[in-house]
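Trainee: Quick one: this structure, given as structure tokens, is what I'll be asking you about.
The values are calculated or read from the model by the stated rules, or taken from the named source; none is laboratory data. What you see is a predicted model; the values in this text were computed from it and never measured. All Cβ positions, glycine included, derive from the backbone under ideal geometry; neighbour counts span all protein chains shown.
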Amino acid sequence: MTFPLRYAHGNVLVGRGGEAAGLYRLAMTSYPYLPTGEKWALQRRLQRLAHTIAADFSLWRVSRAYPADRYVQHTAGLLDARHQEPQVWQTFLEGHRDRLRQLGSHIPECYLAVSLAAPGHAGVGSGLVRSVDRVRRRVEELAGIGAESPISGGELSELLTREQRIFERVGGVIGARRARTAELQWLLRRASCRGLAEPELDRHWQPDALIMQTPGGGVGFQPLGHDLARCANAAITEQQHTLAVDGEQGRCYQAMLAVGALADAPEFPGSTAEVMFAPLEAVGFPVDAVVHARWLGNRQALAQVRKRIADVEHTFHEQVQGAAHGPSLLAGEDRVLAREYEAQLQAGGHPPMLYAFIGLAVGAGTEEELERRVAALKEQYGDITLHRPAGLQRAMFFEHLPRADGWL
Amino acid sequence: MSDSSHPIRSYQRIFRPDRRIYQIDGRRLPVPGGVPLEWLGWAFGALVLVLVLSQRQVVFALVLGAIGALLGASSHGARGAVLAGAVGFLGALLVGVVLGWLAWPLRLIVAPAMLATLAGQASPDGRPAHRYLTSWVSVRLRPACHSLDRPIPVEGVVHVWAPQVWVAPDEHSPVLHHGRVRGPARLVFGRPVVVIPARGRLIVRRAEGHRMRAGERRAEVIELSEGQVVEVRP
């Protein structure tokens with residue numbers, strides 16, 4: 001449960017275990033005003049994105065407070081001075097500004113981090129290799145021998161080449177641009193004042209690294225990880241289901257929630273299918289959401305599904321032969337479902353499969369307000385259960401920070 | 001492209017198979033819905049635990065105590081280690097005694113079956129019972145307050161870093177302090193003192209209020225030869 005980032009070079013994030021990811025800011029769409037056909041088109045585009053990037057990814061949906069103080073400045077120029085009174089216009093806009101302040105308006109933003117792991121890393125047994133690697137790192141950390149080697153110049157330029165490729169792929173499907181350093185700082189700093197205030201940013205902040213001469217004669221970078229860590233080093237007091245975070249803006253209370261099983265056949269467009277949009281827009285306060293998705297290529301996905309087919313068939317036959325009331329309806333449905341999924345994976349597009357975790361983070365200035373917000377959010381999610389795991393709150397807090405290994 | 005609402009099929013259900021045993025060697029089990037494999041796992045684990053605990057072995061209690069002490073030490077230092085170690089050790093022995101009072105069907109059949117049923121049915125926070133228990137214990141054992149991965153004191157709790165501090169006067173002190181100096185040395189006092197010869201050494205006292213006797217002298221600087229000793233007694 002350590003701070004996940006070691007270095008950031010532009011929009012390339014480097015994790016503590018050497019994992020790397022490119023961070024992008026996605027262009028937003030006024031989704032509620034789209035006709036149904038357009039909503040389907042957008043849904044297919046996002047589906048294609050998951051297909052095209054062919055890598056593990058994380059998606060953060062965060063809320064930025066609307067800069068109400070700049071509202072008057074932004075809109076004052078819209079006046080036609082030939083027919084209108086500037087003073088009246090100014091007063092009118094100031095009324096808007098005050099109302100916007102009262103409302104605590106916020107604007108959603110989406111950031112996407114795509115793994116820059118070499119293509120070979122996604123092969124058969126990669127999960128086992130990654131798990132063993134994680135255990136080894138943990139043991140090294142506990143023993144105090146986990147030295148972090150410098151990142152060589154060659155390694156960094158290879159990462160940048162891969163990032164360029166990923167950027168082109170992402171940009172080919174949806175509107176996106178590379179995340180800026182200021183945005184990375186904002187993503188890190190806002191975690192400690194979530195639901196309370198906007199973080200204060202340092203305009204000159206830049207994660208730094210020592211440039212070293214490597215034994216081979218090349219250039220190496222020894223990241224100064226504290227540059228990143230100090231953006232998120234607020235004191236966190238862990239209670240059973242709540243975190244009390246003491247940041248620079250004061251104390252805020254946060255609750256981390258995990259989205260439970262999704263509906264079996266949710267209607268799209270509709271709130272049960274739009275889990276990252278509809279319930280979050282329906283509540284009047286900002287809620288952060290994160291998706292960490294592990295990408296499985298079509299061949300691996302098929303292998304997984306065929307194992308499941310064997311499982312459901314076995315269960316069905318066991319029930320036919322052994323259960324007192326014969327096979328259950330669900331066992332029969334599962335057989336159809338598994339075959340249907342196999343057929344989908346074998347279809348022309350050869351789609352991948354994603355293992356995903358969806359987490360939500362709610363913040364407030366007081367514990368009472370936090371509980372009210374969590375209750376309102378649970379109500380919006382309806383049949384989809386939101387779990388608030390005791391003892392995992394701090395670990396889940398780190399899931400909402402930009403990271404290069406969220407899918408591990 | 002569709003202009004109407006359609007369901008999107010979710011296939012996650014097939015990845016959570018409910019594995020049950022309905023028959024053994026062609027003989028149906030007398031449980032209508034079958035016996036979940038998870039239940040069997042819990043029952044077996046509980047049975048092993050009951051058997052081990054009811055032996056009341058000091059070695060096992062010591063192992064539990066040591067695990068508790070390690071966990072306690074990692075979160076609450078030496079005090080936590082002692083407390084958690086004692087709870088682990090005594091708890092294991094106490095549970096063993098209680099289990100010993102139970103009749104064998106209760107101990108070996110009913111207790112594991114009840115534990116397995118409870119653990120299999122309960123899924124607090126959407127997690128299996130053992131994971132929930134692990135988190136519940138760990139959140140109580142680890143330090144409550146962190147800055148990233150570094151434990152820090154909770155607000156309102158005062159941590160004394162150095163409860164015993166030795167303070168020694170130096171030459172800048174405005175008052176005369178006790179001291180003993182062995183020559184060779186040159187002692188310079190801030191104000192005149194009385195030097196009183198004693199057995200094998202010189203005694204230095206404050207000059208203010210002292211009635212001079214024979215052999216005593218006032219001085220501000222004392223030169224000590226090799227091995228000569230001065231004791232300052234203010």
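Trainee: Scanning for something within 14 Å of another protein chain (Cβ to nearest Cβ) and among the aliphatic types (A, V, I, L, M), does segment B:154-174 turn up at least one residue?
Mentor: Looking for residues that are within 14 Å of another protein chain (Cβ to nearest Cβ) and among the aliphatic types (A, V, I, L, M), one finds at least one in segment B:154-174, hence yes.
Trainee: Return yes when A:Arg70 is in contact (Cβ under 8 Å) with a residue 40 or more places away in the chain, charged (D, E, K, R) and either surrounded by fewer than 20 Cβ atoms within 10 Å (Cβ to Cβ) or more than 30 Å from A:Ile174 (Cβ to Cβ) (or both) and no when it is not.
Mentor: Answer is no for this residue.
Trainee: Check off (1) more than 10 Å from chain B (Cβ to nearest Cβ); (2) free of Cβ contacts under 8 Å to residues at least 12 places away in the same chain; (3) out of contact with any helix residue (DSSP H, G or I) (no Cβ under 9 Å at 6 or more places or on another chain) for A:Gly326 and give me the number that stays unchecked.
Mentor: Of the numbered conditions (1) more than 10 Å from chain B (Cβ to nearest Cβ); (2) free of Cβ contacts under 8 Å to residues at least 12 places away in the same chain; (3) out of contact with any helix residue (DSSP H, G or I) (no Cβ under 9 Å at 6 or more places or on another chain), the odd one out for A:Gly326 is (3).
Trainee: Let me ask another. Can you tell me which residue within segment A:47-67, out of those that are within 14 Å of chain B (Cβ to nearest Cβ) and within 17 Å of A:Arg294 (Cβ to Cβ), is surrounded by the fewest Cβ atoms within 10 Å (Cβ to Cβ)?
Mentor: Only one residue tops the list, namely A:Gln47.
Trainee: Another question about this same structure. Out of everything in segment A:346-371 that is hydrophobic (A, V, I, L, M, F, W, C) and within 10 Å of another protein chain (Cβ to nearest Cβ), what residue ends up being surrounded by the most Cβ atoms within 10 Å (Cβ to Cβ)?
Mentor: A:Met353
Trainee: I need every pair where a residue in segment A:268-285 that is within 11 Å of another protein chain (Cβ to nearest Cβ) has its Cβ under 7 Å from the Cβ of a residue that is among the basic types (Lys, Arg), sequence separation at least 6 or different chains.
Mentor: A:Pro269/A:Lys39
Trainee: Does A:Asp246 satisfy the criteria of being out of contact with any strand residue (DSSP E or B) (no Cβ under 7 Å at 6 or more places or on another chain) and facing another protein chain (nearest Cβ under 9 Å)? Working first, answer last.
Mentor: Values: out of contact with any strand residue (DSSP E or B) (no Cβ under 7 Å at 6 or more places or on another chain): no; facing another protein chain (nearest Cβ under 9 Å): yes.
So A:Asp246 does not fit the description; no.
Trainee: Can you say whether A:Arg339 is in contact (Cβ under 8 Å) with a residue 60 or more places away in the chain and either among the basic types (Lys, Arg) or within 13 Å of another protein chain (Cβ to nearest Cβ) (or both), as far as the supplied structure shows?
Mentor: no
Trainee: Please name all residue pairs, on different chains or six or more residues apart, with Cβ atoms under 7 Å, provided the first residue is in segment B:214-234 and is part of a strand (DSSP E or B) and the second residue is among the charged types (D, E, K, R) and surrounded by 11 or more Cβ atoms within 10 Å (Cβ to Cβ).
Mentor: Sorted first by the residue in segment B:214-234, then by its partner, the pairs are B:Val229/B:Arg182; B:Val229/B:Arg201; B:Val230/B:Arg201; B:Glu231/B:Arg201.
Trainee: Quick one: in segment A:378-393, which of the residues that are within 13 Å of chain B (Cβ to nearest Cβ) and out of contact with any strand residue (DSSP E or B) (no Cβ under 9 Å at 6 or more places or on another chain) is surrounded by the most Cβ atoms within 10 Å (Cβ to Cβ)?
Mentor: Here the residue is A:Ala390.
Trainee: Sticking with this one: How do the helices (runs of 4 or more DSSP H) wholly within segment A:94-197 filter down when requiring 2 or more residues that are over 22 Å from the mean Cα position of the chain (by Cα), more than 30 Å from A:Tyr253 (Cα to Cα) and at pLDDT 80 or above: which remain?
Mentor: Answer list for segment A:94-197: A:153-173.
Trainee: A:Glu168: more than 14 Å from chain B (Cβ to nearest Cβ) and of a type in the set (Asp, Glu), yes or no?
Mentor: Numbers: more than 14 Å from chain B (Cβ to nearest Cβ): yes; of a type in the set (Asp, Glu): yes.
Here the answer is yes, as A:Glu168 does meet what is asked.
Trainee: Can you confirm whether segment B:71-84 contains a residue that is out of contact with any Leu (no Cβ under 6 Å at 6 or more places or on another chain) and of a type in the set (Ser, Thr, Tyr)?
Mentor: Yes, segment B:71-84 has at least one match.
Trainee: Considering only residues of segment B:50-87 that are over 22 Å from the mean Cα position of the chain (by Cα) and touching a residue at least 40 places away in the same chain (Cβ under 8 Å), which is surrounded by the most Cβ atoms within 10 Å (Cβ to Cβ)?
Mentor: The extreme case among them is B:Leu53.
Trainee: Hey, A:Thr75 hits all of (1) over 30 Å from A:Phe357 (Cβ atoms); (2) out of contact with any Leu (no Cβ under 9 Å at 6 or more places or on another chain); (3) of a type in the set (S, T, N, Q) but one; which does it fall short on?
Mentor: Going through the list (1) over 30 Å from A:Phe357 (Cβ atoms); (2) out of contact with any Leu (no Cβ under 9 Å at 6 or more places or on another chain); (3) of a type in the set (S, T, N, Q), A:Thr75 breaks only (2).
Trainee: Quick check on my filter: what residues within segment B:93-138 are free of Cβ contacts under 8 Å to residues at least 40 places away in the same chain, away from chain A (no Cβ under 14 Å) and part of a helix (DSSP H, G or I)?
Mentor: Within segment B:93-138, B:Leu93, B:Leu94, B:Val98, B:Trp101, B:Trp104, B:Pro105, B:Leu106, B:Ile109, B:Val110, B:Met114, B:Leu118, B:Gln121 qualify.
Trainee: Considering each of A:Pro86, A:Pro35 in turn, give the residue that is within 14 Å of another protein chain (Cβ to nearest Cβ) and exposed (fewer than 12 other Cβ atoms within 10 Å of the Cβ). Can you show your working first?
Mentor: On the way: A:Pro86 fails: within 14 Å of another protein chain (Cβ to nearest Cβ).
That would be A:Pro35, the only listed residue that is within 14 Å of another protein chain (Cβ to nearest Cβ) and exposed (fewer than 12 other Cβ atoms within 10 Å of the Cβ).
Trainee: Among (1) away from every other protein chain (no Cβ under 14 Å); (2) over 21 Å from A:Gly391 (Cβ atoms); (3) in contact (Cβ under 8 Å) with a residue 60 or more places away in the chain, which single condition is A:Gly217 missing?
Mentor: Exception for A:Gly217: condition (3).
Trainee: Then there is this: Can you tell me how many residues in segment A:53-69 are part of a helix (DSSP H, G or I) and modelled with pLDDT under 90?
Mentor: 2
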